[in-house]
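Trainee: Structure incoming, see below.
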Amino acid sequence: MARFDLEAELTSRGLVAQQTDAELFHRLATKSTSVYCGFDPTADSLHVGNLLMLCTLRRFQLAGHRPIALAGGATGMVGDPGGRSEERSLLSAEQLQQNLVGINEQLGRFLDFSAGAGSAQALQLDNASWLSPMSVLSYLRDIGKHFTVNEMVAKDSVKSRFERPDHGISYTEFSYMLLQAADFLHLYQNFDCTVQVGGSDQWGNITAGTSLIRKVTGGHAAGLTMPLVTKADGTKFGKSVGGAVWLDANKTSPYQLYQFFMGAEDAMAPSYLRYFTFLSTDELNHLEVATNEAPHLRAAQRRLAKEVTTLVHGAEHADRAEQASVALFSGTVASLDAIALRAISSDVPTSTVAKTSLSKGISVLDAAVGAGLLSSKAEGRRSIEQGGLSVNDVRVEDVDALLGADQVRDGGFIILRKGKRQYHLLTVE
RNA sequence: GGGUCCGUGUCCGAGUGGCCAAAGGAAACUGGCUGUAAACCAGUCGGCUCAGCCUACGUGGGUUCGAAUCCCUCCGGGCCCA
């Protein structure tokens, strides 16, 4: 893999929020090391909120370092107190195992796990393999002895929980940072891992690790955090219609992922491009200028959506998602021919409706609810009353409107749309 | 173990016997303006066979003509004391 200037790569993209020491990049430039990042295994798929760290590990690998993805089977059973106002529920061991399998597959799209990567070959590790065998006594003596409660209480992630008088923090979650510190120590000693990266909310946990390493081994390890990704108004990034945006095609289709990034705000699109793509500085600057000068063309969003979808799902799916988007949003859907419809049907949410029920006349409401486009008929009635539901781009005026055979388009499709951009294809069988 | 307080819709949070499908805020959805943007304005925001009915204020009982509101059980949580 080609080496490149990691410091320039990260700083120019605005990816460095905090770092433990000034010489970090100098060392990284002169000597290969291992770098690790933890991933929360609370679901069986990663989501767009993990994208930044996935890209960051990839950048390290491109620079010749070995990325270690730690999907914490052990810490996942404990739960990080950071970022939550209340105690989280614990995962069962079986659920956790299932989640780790799902995450494993997705990591492979960003990191090179093949032997061909040489010393930069990526690793996925499960901290249960070293934390589970650790006895309580050794935990207390070898890890806990190096921390004072005073400093632990001072960490932001813990402090914020103290500020809510009606909620507490369990000892379990309080201990989380020690487990994460133990992870870092283990990786330092066994995998030559001298750097941990994470979101800026991980700062306290990361520095707990670097200080443990110093105290136990006398050695030096560093931490690096990335800025928190937000939307233009400062709110949480990564939510969309129907909740989280997943990297698993079964949970969020390539089309939906594409659409998520297509809808990025002008103000954020250039930043997202820097964060989530591997475009050159020239291209990034060019797209930023293009967005400023002609925002309505959405050049940055188009490129962002295409790049990320390609990265996550591959070029073929990305092309299809792009084509589907162009087809659905260019002028009228009515202009689409059967071939175009069939092409997009695999990515746009699709469901089937029986020909017989259609000939009898099925209500638009029932069809849309059955298709999952609407969560209830009440919601559908509201949508229709507010003019938010259309069939083949024709606004539905009547709550009791029926779908009929005459609305089936060439190729056997009926196109439902809720609002401006939620499309659903009904295929007739 | 003792004391005390609390558990309300997606979230936060009012409500302390009827006027409660439950204030207010946030999130979300739809419409309008635009550009599949933001901001802004307007409407919506439990379900249904929709002028009515059903379900819902942690769980299960009870009191009452009537309970989110009162009593008891249990479950979950906070704080203080030991």
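Trainee: Give me the percent relative contact order of chain A, please, defined on Cα pairs under 8 angstrom at least 6 residues apart.
Mentor: Result for chain A is 14 percent.
Trainee: Additional query: Would you mind computing Rg(Cα) / (2.2 N^0.38 Å) for the range A:6-226, counting N as its residues?
Mentor: 0.98
Trainee: Which of the lysines could a cross-linker span from residue A:145 if the Cα-Cα distance has to be under 17 Å and same-chain partners fewer than 8 positions apart are dropped?
Mentor: Residue A:145 reaches A:215.
Trainee: So what's the gap between the Cα centers of the range A:166-217 and the range A:133-151, to the nearest angstrom?
Mentor: 12
Trainee: For chain A, what is the mean residue ellipticity at 222 nm derived from helices alone (per DSSP H run of n ≥ 4: -39500 (n - 2.57); sum divided by total residues; nearest 500 deg cm²/dmol)?
Mentor: Theoretical 222 nm ellipticity from helices: -12500 deg cm²/dmol.
Trainee: For the pairs A:231/A:306; A:159/A:239; A:239/A:418; A:239/A:420; A:236/A:420, note any where the Cα-Cα span goes beyond 25 Å.
Mentor: A:159/A:239
Trainee: Can you compute the charge dipole magnitude of the range A:239-344 about its Cα centre, using +1 on each Lys and Arg Cβ and -1 on each Asp and Glu Cβ, nothing else charged? Give it in debye, rounded to the nearest 20.
Mentor: The calculated dipole for the range A:239-344 is roughly 320 debye.
Trainee: Here's another thing I want to ask about it. Expected output is a single nm value to one decimal: the length gained when fully extending between residue A:104 and residue A:330, i.e. 0.36 nm times separation in residues minus the C-alpha distance. What is it?
Mentor: 77.6 nm
Trainee: What is the angle, in °, between the Cα long axis of helix A:281-293 and the longest principal axis of the Cα atoms in chain A? Nearest 10 is fine, range 0 to 90.
Mentor: Between the helix axis and the principal axis of chain A, the angle is about 50 degrees.
Trainee: Semi-axes, largest first, in whole Å: what does sqrt of 5 times each Cα gyration tensor eigenvalue give for the range A:350-428?
Mentor: They are 18, 13, 11 Å, listed from largest to smallest.
Trainee: Further question on the same structure: Mind listing which chymotrypsin sites (Phe, Trp or Tyr not before Pro) in the range A:129-221 are in a DSSP loop and have 15 or fewer other Cβ atoms within 10 Å?
Mentor: Here no chymotrypsin sites (Phe, Trp or Tyr not before Pro) fit, given the DSSP loop and packing criteria.
Trainee: I need the semi-axes of the equivalent ellipsoid of chain A: take the C-alpha gyration tensor, multiply each eigenvalue by 5, square-root it, list largest first in whole angstrom.
Mentor: 46, 25, 19
Trainee: Against the empirical 2.2 N^0.38 Å scaling, what ratio does the C-alpha Rg of the range A:239-344 come to?
Mentor: Dividing the Cα Rg of the range A:239-344 by 2.2 N^0.38 Å gives 1.09.
Trainee: On a straight-distance basis, which aspartates and glutamates could pair with residue A:31 in a cross-link, Cα separation under 20 angstrom, same-chain partners fewer than 8 positions away excluded?
Mentor: The qualifying aspartates and glutamates are A:5, A:7, A:9, A:21, A:23, A:112, A:192.
Trainee: Relative to the longest principal Cα axis of chain A, at what angle does helix A:51-62 sit, 0 to 90 degrees, rounded to 10?
Mentor: Between the helix axis and the principal axis of chain A, the angle is about 60 degrees.
Trainee: Take the alpha-carbon centre of the range A:345-361, take the same for the range A:251-308, and report the distance between them in whole Å.
Mentor: Cα centroid of the range A:345-361 versus Cα centroid of the range A:251-308: 34 Å apart.
Bear in mind that the values in this text are calculations on the coordinates, not laboratory data. Note that the structure is predicted; figures quoted are calculated from it, not measured. In this analysis, Cβ positions are derived from the backbone assuming ideal geometry, glycine residues included, and neighbour counts consider all displayed protein chains.
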